[in-house]
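First the structure, in the form of C-alpha cells, and then the observations on it.
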Amino acid sequence: MIACRTIAVANQKGGVAKTTTVASLGAALAELGRRVLVVDLDPQACLTFSLGLDPDAVELSVHDVLLGRVSASMAVQATADGVDLLPSTIELAGCEAMLLTRTGREYTLRLALEDVADSYDVVLLDCAPSLGVLTLNALTAADQVLVPLQCETLSHRGVGQLLDTVHDVQRLTNRGLQVLGVLPTLFDSRTTHAREVLADVSSRYGLDVIEPPIAKSVRFAEAPARGRSILQTAGRTPGAAAYRALARRIAGMAEPVPARAAALGDEVIDLTNANEAVST
Ligand SMILES: Nc1ncnc2c1ncn2[C@@H]1O[C@H](COP(=O)(O)OP(=O)(O)O)[C@@H](O)[C@H]1O
Ligand SMILES: [Mg+2]
C-alpha cells in the first residue's frame, strides 16, 4: 500500500459487530505486515477495552484530539495485537455537543488524522451506533465505508438511512467516499433466512456483499475480556480465518470472489487456509 487508506466501519444499529470487525480486521492486517491504526469513536469505549486498555485510566484520548488539545500522535497507544489505538473514554460523549458549535465540525477528525497519515498504511474507524456528528466526522475522514450487517429480519431498515447519510456526505463533505459493501456478521449458515436477508439488502440497495461472511461463534464474545482480538485468543477458528481472508482482500492480496454468488452460498471458508478452517 502506498498512501494511507482510511476505512470507516459504520452502522447506526448497535451489536452488529462494528467493534469486533475493527479489532479483528486490524489485527489481521497487522499480521500481514501493514501498519494499522484503529480509532475508537464510541464513548462506550468498547474497542479501547477490547484491545486491553482500561478506558477509565486513559489519559489522552480521541476526545482531547478532537478538541485540539493534543495531536493524534500524542494520544496513540500500542496494543498487544500489533495495532496502534487512538483510545476513547466516556468524555467523548460530551464531544458531540462541543463540536456542534464549531465551524467545519465535520472535518475535525480528518484534519486531526493528517498528523499520523504517514505512519500508517490503514486506519480503521470504529463508529458509535448513531449517525451523529462523530459518525459524520468518520465518514468525512474515510476513503471507504464498510457496513457490518447482522442478517436478520428488518436489518435492511437501518441500511437505507445509513446510505442516505453516506450520500449526503458524498455531496457535502467528502466527494471521494466509496461504499466498500456489506459485511455479513453473526452469520448463521445453517438457515436460509440469513441468506435471504442478505440477498434482499444487496439487491434493494445495489450493495456488494463482502465475502466471506463472518460466522456466529461464541469465541468472539470471549475475546474482549482478555484484551485481545480473536486472532490471538482463538486464532485457529473459522471466525479468525474469515477476518484474515477479509484482511487479504482489503490489502489486495486475494483474488476477488464473485461477491454475490459466494456470499450467498456455503463458502464461509472458501478463501481461508485449510489448517485454520478445520479446527474449531
Ligand atoms: N461473529 C460473531 N459471533 C458471535 N458473537 C459475535 C460475533 N461478532 C461479534 N460478536 C459479539 O456481539 C456483540 C456485539 O459486537 P460489537 O462488535 O460490540 O458490535 P457493535 O460495535 O456493532 O455494537 C459482542 O458481544 C461481540 O463479542
Ligand atoms: Mg461498537
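Sorting ARG226, ARG35 on solvent-accessible area from highest to lowest, probe radius 1.4 Å, gives ARG226, ARG35. In the chain, the longest principal axis of the Cα atoms and the axis of helix 193-205 are about 60 degrees apart. With protein chains left intact and a 1.4 Å probe, residues in the chain average 42 Å² of accessible area per residue.
Label sites at ALA80 and ASP200, each approximated as a point 7 angstrom past Cα along Cα to Cβ, lie 4.1 nm apart. Among GLU222, GLU211, the order of accessible area from largest down is GLU222, GLU211, computed with a 1.4 Å probe on protein heavy atoms. Here the extension length gained between ALA57 and ARG69 equals 2.5 nm, from 0.36 nm per residue of separation less the Cα-Cα distance.
Its alpha carbons considered, the range 5-278 gives a radius of gyration followed by a Dmax of 17.5, 54 Å.
Ranking HIS156, HIS63 by solvent-accessible area of protein heavy atoms (1.4 Å probe, all protein chains present), from largest to smallest, gives HIS156, HIS63.
In degrees, nearest 10, range 0 to 90: what is the angle between the Cα axis of helix 18-31 and the longest Cα principal axis of the chain? The answer is roughly 80 degrees. Expressed as a whole percent, the accessible surface of the chain that belongs to carbon and sulfur atoms is 50, based on a 1.4 Å probe.
May I ask you to list the GluC sites (Glu not before Pro) in the range 1-98 that are in a DSSP loop and have at most 11 other Cβ atoms within 10 Å of their Cβ? Of the GluC sites (Glu not before Pro), the ones in loops of the range 1-98 whose Cβ has at most 11 other Cβ atoms within 10 Å are GLU59.
The values are calculated or read from the model by the stated rules, or taken from the named source; none is laboratory data. Given the structure is predicted, the values throughout are model-derived calculations rather than measurements. Reconstructed Cβ throughout: ideal geometry from the backbone, glycine too, with neighbour counts over all protein chains shown. Note: accessible area is taken over every heavy atom of the protein model, side chains too, but ligands, DNA and RNA are not part of it. Shrake-Rupley method; radii C 1.70, N 1.55, O 1.52, S 1.80 Å.
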